[in-house]
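Trainee: Dumping the structure here so I can ask a few things about it.
The values are calculated or read from the model by the stated rules, or taken from the named source; none is laboratory data. In this text, all values refer to a predicted model and were calculated from it rather than measured experimentally. Positions of Cβ are backbone-derived with ideal geometry, glycine not excepted, and every protein chain shown enters the neighbour counts. Areas reflect the complete protein model, heavy atoms only, side chains present, ligands, DNA and RNA absent. Shrake-Rupley method; radii C 1.70, N 1.55, O 1.52, S 1.80 Å.
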Amino acid sequence: MILVADDHAIIRRGLLLIILQAGDLRAEEVSSGELLDRLRATPIELLIMSSSFARNDGDMLQRAKAEFPNLPVLIFNFHADDLAAMRALRAGASGYVEAASSPEDLLAAIRRLKAGGTYISHVMAEKIAAELARGGEGEKLHERLSRRELEVFQLLGAGKSVGEIARKLKISVKTVSTHRSRILEKTGMRNNADIIRYAILNVIDQRS
């Protein structure tokens, strides 16, 4: 079950319509006053909320993640706001889509998160990869990696799947998976979400 949360009915129902028209996805809608009670009462596979809603009521995203740390959250934003995306991912969101995205992009993000992955738009992915590639002052975890491991790390940090990385670098999926295992071992990270958050934090640090 997917839960769409927002205080504006037109937003909730618009997103709900796109999801239900896919045919293979189940979803319901709630407002802020209902959200936490619904999460406690009903098993939810994925939570979708707008970026403005996520910041409301004492930061709804952080409240939901504090009580349900393993719940994937997809943030929907009406504006192309890089900092909003970074803050949402830093706060625990697993994915981020903009209103300019197509319905197909939204559904792709939903399916990626439901499968345990992460999702960010191509524009945001390129920005994170570019910022991470430039690096910053002081010792960084990614400096422990070989050249090829760093390439894989940057693409993982940009939200790419193992299959997408294999196609881009023209190597096998098994080779990418081996590099990923070495990356996790060398950096002490646990999963792709940790890698993405590391990338986001480095972008923020370089802007401050």
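Trainee: Cα-Cα over 24 Å: which of 140/160; 65/186; 114/170?
Mentor: Values: 140/160 21 Å; 65/186 27 Å; 114/170 27 Å.
Cα-Cα > 24 Å for 65/186; 114/170; rest within.
Trainee: Moving to a separate point now. Could you order peptides 45-53, 152-160 by the average number of other Cβ atoms within 10 Å of their residues, highest first?
Mentor: Values: 45-53: 22.3, 152-160: 25.4.
Highest-to-lowest ranking by the protection proxy: 152-160, 45-53.
Trainee: Turning to a different aspect of this structure: What FRET efficiency would be calculated for the residue pair residue 1, residue 185, taking the C-beta separation as r and a Förster radius of 30 Å, to the nearest 0.05? Could you put the intermediate results ahead of the total?
Mentor: Details: r = 36 Å, r/R0 = 1.19.
My answer for the efficiency is 0.25.
Trainee: A further question follows. Using a 1.4 angstrom probe on the protein heavy atoms only, could you order 104, 67 from most to least accessible area? Let's see the in-between values first.
Mentor: Values: 104 125, 67 80 Å².
These residues rank, largest area first, as 104, 67.
Trainee: Calculate, in whole percent, how much of the Cα-Cα pair population of region 143-190 lies beyond 16 Å. Intermediate results must be reported in sequence, preceding the final value.
Mentor: Working: 283 of 1128 pairs.
So the portion of pairs separated by more than 16 Å is 25 percent.
Trainee: If you add up the charges near residue 74, with Lys and Arg at +1 and Asp and Glu at -1, over every other residue whose beta carbon is less than 10 angstrom from its beta carbon, what do you get? Don't skip to the answer; put the middle values down first.
Mentor: Values: positive: 112, 114; negative: none.
Net local charge, residue 74 excluded: +2.
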